[in-house]
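Worksheet: the structure to be examined is printed underneath.
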Amino acid sequence: MREQLLALKEEVSKALGSATTDQELDKLRTRYLGRKGPLTTILRGMKDLPEQERPVLGNLANQIKQELTGLLDDRREKIRDEERIRKLEQEQIDISLPGRRAARGVYHPLTIVTREIIAIFQGMGFEVVEGPEVELDFYNFEALNFPQDHPARDMQDTFYVAEDVVLRTHTSNVQIHTMKARTPPFRVIAPGKVYRCDSDTTHSPMFHQVEGFLVDRDVSFSQLKGVLTVFCQALFSPDVPLRFRPSYFPFTEPSAEVDIGCFLCKGTGCRVCSQTGWLEILGSGMIHPEVFRAVGYDPDTYTGFAFGAGIERIAMLKYGIDDIRLFFENDQRFLQQF
Ligand code: PHE
């Protein structure tokens, strides 16, 4: 029986040494130290031994049981330690790796273009002025020499807030505010939001314009041409073809619209320029004597020119954007491109 016990001890120690998981240890415990295990069987057989051998072998058996239990516990602790170390190593964070970048905002294409336009005119001595978007009929129409029955006054184009109050349909209202508040000479540009009851791929009920005007004595049309030429060359390219085409606005006389050569087809005619080879980008003209009279200036003393351009239109042409609504959807995939 002594040999049996020692052999058992040997066997269990070996088995424990090769166990690598908690579950394996549980199995070994049940197999060797459990109620149906060999040790229990040996201890049960104790009663059949001669009386004098019992205490010695009993002691040995209990001692071995204790030892094996101790070994098992040690082994379990070792396995758990190893597991902990393995996990720690596996789950280690490499703090030298670059972090996840926080999403970074970009300037809206309209902001970029507006600032570019402002910078060009500031380079020519213009200052930036703003005016109200909710406007009296007087500033938006009357003082700008719109005849009472002019179609632009029609409900179809203009958002009326009240009988005499509109959302400005253009930035030309700033001409009137500025002229009333100041004495010439001055040169001003006025970027801002304008509103027209119109909506499709190239028209938005709210869009942006930039107005520009210069008032002084002896201002000539050639100065208007010069300023707008510098502007277009700086904004598009130094060799952009330009065309001043006679036009009509109630508040300028003479009036001209400025076209640039279509950069898509280089003038041969395409879908973008409606087969004309030209793209209209702004309206302009010499300030009408009636406008000067409306603000209390003597038209024999003062002269000036004015111009107005749609900022979305310029941005669409510059960046090749074919739907104005993209500017107002705030889709990151669109905005991140500029
Ligand atoms: N206000 C005009 C428009 O909205 C543009 C313009 C401004 C024309 C100044 C001439 C002079 O179409």
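Any read-out appearing in this document is the output of simple, stated calculations on the displayed coordinates, not a laboratory observation. Everything numeric here is computed off the predicted structure, so don't read it as measured data. So basically every Cβ, Gly included, is an ideal-geometry build from the backbone, and we count neighbours across all protein chains shown.
Couple of notes before you dig in:
- For W278, the amide hydrogen comes within under 5 Å of the amide hydrogens of C262, counting only partners 5 or more places away or on other chains and with H modelled in the peptide plane.
- Net +/- balance of residues flanking P289 in space, Cβ distance below 13 Å, scoring K and R +1, D and E -1: -3
- Options L39, V113, A103, ranked by Cα towards positive dipole end of segment 1-116, top entry (Cβ charges): V113
- Dipole magnitude for the chain: computed about the Cα centre from +1 point charges on Lys and Arg Cβ and -1 point charges on Asp and Glu Cβ, it is near 2220 debye.
- Charge tally in the Cβ shell below 11 Å around R217, where Lys, Arg are +1 and Asp, Glu are -1, R217 excluded: -4
- Among V295, F249, I260 - extreme Cα towards positive end, dipole of segment 109-335, charges at beta-carbon: I260
- Annotation: amide H of H208 within the under-5 Å range of V194, I311, E312, sequence separation 5 or more or interchain, hydrogens built in the peptide plane.
- The chain shape via C-alpha gyration tensor axes, a/c threshold 1.5: prolate
- Long hydrophobic helices in the chain, taken as whole DSSP H segments with a C-alpha length of 20 Å or more on their own axis and mean Kyte-Doolittle hydropathy at least -1.0: 2-18, 221-235.
- Taking 4.7 Å between C-beta atoms as the pairing limit, the chain has these partnerless cysteines: C197, C232.
- Taking T301, T69, T252 in turn, the Gaussian network model of the chain (Cα-Cα springs below 10 Å) assigns the largest fluctuation to T69.
- Simple spin-label estimate for E91 and E142 gives 7.7 nm between the two label positions (7 Å along the Cα-to-Cβ direction from each Cα).
- Segment 109-335, relative contact order in percent, only Cα pairs under 8 angstrom and at least six apart counted: 22
- Listed cross-link partners K65/K87; K9/K78; K9/K87; K36/K87; K27/K87 are compared with a 30 Å cut-off, the Cα-Cα value being larger for K65/K87; K9/K87; K36/K87.
- For K180, a cut-off of 13 angstrom between C-alpha atoms picks up these aspartates and glutamates, skipping any fewer than 8 places away in its own chain: D298.
- Relative contact order (%) - criterion: Cα under 8 Å, at least six apart; region: segment 2-90: 38
- Using Cβ point charges alone (K and R +1, D and E -1), the dipole size of segment 2-90 about the Cα centre works out to roughly 300 debye.
- Total formal charge among the other residues, if their Cβ is under 9 angstrom from that of T202, Lys/Arg +1 and Asp/Glu -1: -3
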